[in-house]
Amino acid sequence: MTSASSTRPLADVYASSLSLLTDLYQLTMAYGYWKQGLQDREAVFHLYFRRPPFEGGYAVCAGLAYVADWLETLHFTEDDLAYLGSLRGSKGAVLFEPGFLEYLRQLKFTCDVDAIAEGTVVFANEPLIRVKGPLLQAQLLETALLTLVNFQTLIATKAARIREAAGPSDQILEFGLRRAQGIDGGLSASRAAYLGGADGTSNVLAGQKFGIPVRGTHAHSWVMSFEDEEAAFAAYADAFPDDSVFLVDTYDTLEGVRHAIAVARRMREQGHELAGIRLDSGDLAYLSREARALLNEAGFPNTRIVASNDLDENLITSLKLQGAQIDTWGIGTKLVTAYDQPALGGVYKLAALRKADDSDWEFTIKLSEQLAKTSIPGILQVRRFVSEKGQPRADMLYNTAAPLPDKLEIIDPQDITRRRAVRANSDYRELLEPIFRAGQRVCELPTLEEIRQYAQREVHSLDPSIRRFLNPHTYPVGLEASLHHFRTDLILEKRPLRPA
Ligand SMILES: Nc1ncnc2c1ncn2[C@@H]1O[C@H](COP(=O)(O)OP(=O)(O)OP(=O)(O)O)[C@@H](O)[C@H]1O
Ligand SMILES: O=P(O)(O)OC[C@H]1O[C@H](OP(=O)(O)OP(=O)(O)O)[C@H](O)[C@@H]1O
Ligand SMILES: O=C(O)c1cccnc1
């Protein structure tokens, strides 16, 4: 497996069963449901986040390819079952009885799963994934789905912000593996960074597994391994005459640029062009302007200037304002660790249960002292209304299990005074699409390259006021009015009237 078209990213990387990639409580609840005979009661869960990351106005949805792969390969191997059978509670009693292990051995995934396509811009409270199926199974998925979606969505969003700052024509190279949070923190970050807007990665395993273009320069140690800097550059050019980017700041940056130019002249005599130089310390605005002037004067206007050193979208914005002459951004730590917000707080909440007599749905709600944390009941769909030019205007969450009124009104769940009437005949698209039906994959997922291009179109379709970093405009996401009223009634029903 070597290409970006892989639809088995998890199995390709880890090879074995990942069914135990979960919190213990999913399995203890599963056991409890099984003991109570509740395992097959039909349930609906939604996966969503409550606030876009980085105090931004949007997120770029990512991780679905991993989710689909995880679900498709979900089964308990003999090793998994032996391990579960060995688990003991605090008093030494066996946690899971043999009958339950046998149940897990026979378990076949039979849920319906709908999801928003990777690369789509998404907002708070919107289900990115909806799972409908037997309670035991649907519950069992929670942790894996969250870990797979939260991280990649976070990193794809960070990459989209970095792309926003760098502009459409600069190159963005992801250099994060050395500072990433472990192996998968590096590998899935490289995937998500590319999906969100990076052009390449230094992570060779990510190149092999996902087909991401691999790129790089050289380290200071290369320069330090030679008698002098010019000799080091010449030796590198000898190895890679058409792909040399010299790191010029080991001793003195502008002297380094002069040494690079001297070697570039000799390369040109041999019919080769110096691809670029890299700045990795000092005042990147000043040094890049000086370097550009030196390169241009020497006849190397096409030699690229790469910058690295703790960069992120804010520094890139600042450097551009300072007139920096940088056309390639090498970004590591702050991209792959999502430095300023290291986790997306996506959650997975039960929203509907089939009534005990199997007749109809009973909608469920999790209350909270904070309205923002109170869940949304229903079997939800997200309808995105778009302008004639395809620009998103507002998103409406509605309950597919209830009839939609003719006149649609959207109410902000945080502020019921913020309402919008939907114009008749507005164009829209439904964001949640079928991925599994009765446990079977019913769609082909796009390649990583296709997702990346789609993500760029998605981000660009947003108004700049939503894309900006500082105090972005809040994109309107609301509940369809009858869902809002139903939810309010349910909150009132569940919340006891306290004595004053
Ligand atoms: N013109 C600039 N405006 C704002 N920040 C800058 C500018 N130039 C560089 N920076 C940032 O300032 C921070 C400090 O850079 P500087 O090179 O002084 O220190 P350093 O990281 O300790 O260097 P070294 O890599 O040599 O240890 C880095 O995050 C760098 O990206
Ligand atoms: O700064 P980041 O965005 O994480 O980008 C990756 C960094 O990794 C490399 O150096 P490293 O940090 O290992 O050493 P250095 O600081 O001495 O250059 C490279 O030179 C970059 O500076
Ligand atoms: O190729 C590079 O220049 C590179 C790779 C990883 C980290 N920093 C820089």
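The values are calculated or read from the model by the stated rules, or taken from the named source; none is laboratory data. Please read these numbers as outputs of a predicted model, since none were measured by experiment. Because the Cβ atoms are built from the backbone with ideal geometry, glycine has one as well, and the counts that use them run over all protein chains shown.
Output the number of residues of the range 42-53 satisfying the condition of being within 15 Å of Tyr475 (Cβ to Cβ) and either of a type outside the set (Lys, Arg) or in a helix (DSSP H, G or I) (or both).
Summing the residues that are within 15 Å of Tyr475 (Cβ to Cβ) and either of a type outside the set (Lys, Arg) or in a helix (DSSP H, G or I) (or both) in the range 42-53 gives 4.
Considering only helices (runs of 4 or more DSSP H) fully contained in the range 133-240, which possess at least 2 residues that are modelled with pLDDT of 95 or more and either within 13 Å of ligand 3 (Cβ to nearest atom) or among the hydroxyl-bearing types (Ser, Thr, Tyr) (or both)?
In the range 133-240, 142-166, 182-196, 204-210, 220-224 are the helices (runs of 4 or more DSSP H) which contain 2 or more residues that are modelled with pLDDT of 95 or more and either within 13 Å of ligand 3 (Cβ to nearest atom) or among the hydroxyl-bearing types (Ser, Thr, Tyr) (or both).
Looking for whichever is of a type in the set (S, T, N, Q), assigned to a helix (DSSP H, G or I), farther than 30 Å from Leu470 by Cα and at pLDDT 95 or above here; the options are Asn302, Asn296. Which one fits?
Asn296 is the lone residue from the list that is of a type in the set (S, T, N, Q), assigned to a helix (DSSP H, G or I), farther than 30 Å from Leu470 by Cα and at pLDDT 95 or above.
Any idea how many residues of the range 149-165 are within 16 Å of ligand 2 (Cβ to nearest atom), closer than 14 Å to Lys320 by Cα and in contact with an Asp or Glu (Cβ under 8 Å, 6 or more places away or on another chain)?
Counting residues in the range 149-165 that are within 16 Å of ligand 2 (Cβ to nearest atom), closer than 14 Å to Lys320 by Cα and in contact with an Asp or Glu (Cβ under 8 Å, 6 or more places away or on another chain) gives 2.
Do we have Leu254 as more than 12 Å from ligand 3 (Cβ to nearest atom), over 30 Å from Ala156 (Cβ atoms) and buried (at least 22 other Cβ atoms within 10 Å of the Cβ) here?
no
Evaluate the following for Arg191: is it crowded, with 24+ Cβ neighbours inside 10 Å, under 15 Å from the mean Cα position of the chain (by Cα), farther than 23 Å from His46 by Cβ and away from ligand 2 (no atom under 16 Å from the Cβ)?
yes
Given the residues Ala234, Ala239, Ala275, which is the only one that is away from ligand 2 (no atom under 16 Å from the Cβ), more than 17 Å from Ile305 (Cβ to Cβ), among the aliphatic types (A, V, I, L, M) and surrounded by 14 or more Cβ atoms within 10 Å (Cβ to Cβ)?
Ala234
Six or more apart or on different chains, Cβ atoms under 9 Å: show the pairs whose first residue is in the range 94-122 and part of a helix (DSSP H, G or I) and whose second is among the acidic types (Asp, Glu).
Leu104/Asp80; Arg105/Glu78
When you check Leu335 against the structure, is it within 16 Å of ligand 3 (Cβ to nearest atom) and part of a helix (DSSP H, G or I), yes or no?
When the stated conditions are applied, Leu335 passes them.
Could you give me the residue pairs with C-beta distances under 6 Å whose first residue belongs to the range 396-424 and is closer than 16 Å to Leu380 by Cα, whose second residue is in a loop (DSSP other than H, G, I, E, B) and not β-branched (Val, Ile, Thr) wherever it lies, and which are 6+ apart or on separate chains?
Filtered contacts from the range 396-424: Asn399/Gly378; Asp412/Arg418.
Checking Leu315 against (1) without any contact (Cβ under 8 Å) to a residue 40 or more places away in the chain; (2) away from ligand 2 (no atom under 13 Å from the Cβ), which single condition isn't satisfied?
Condition not satisfied by Leu315: (2).
Let me confirm something: among Tyr475, Tyr428, Tyr454, which residue is surrounded by 13 or more Cβ atoms within 10 Å (Cβ to Cβ) and without any contact (Cβ under 8 Å) to a residue 60 or more places away in the chain?
It is Tyr428.
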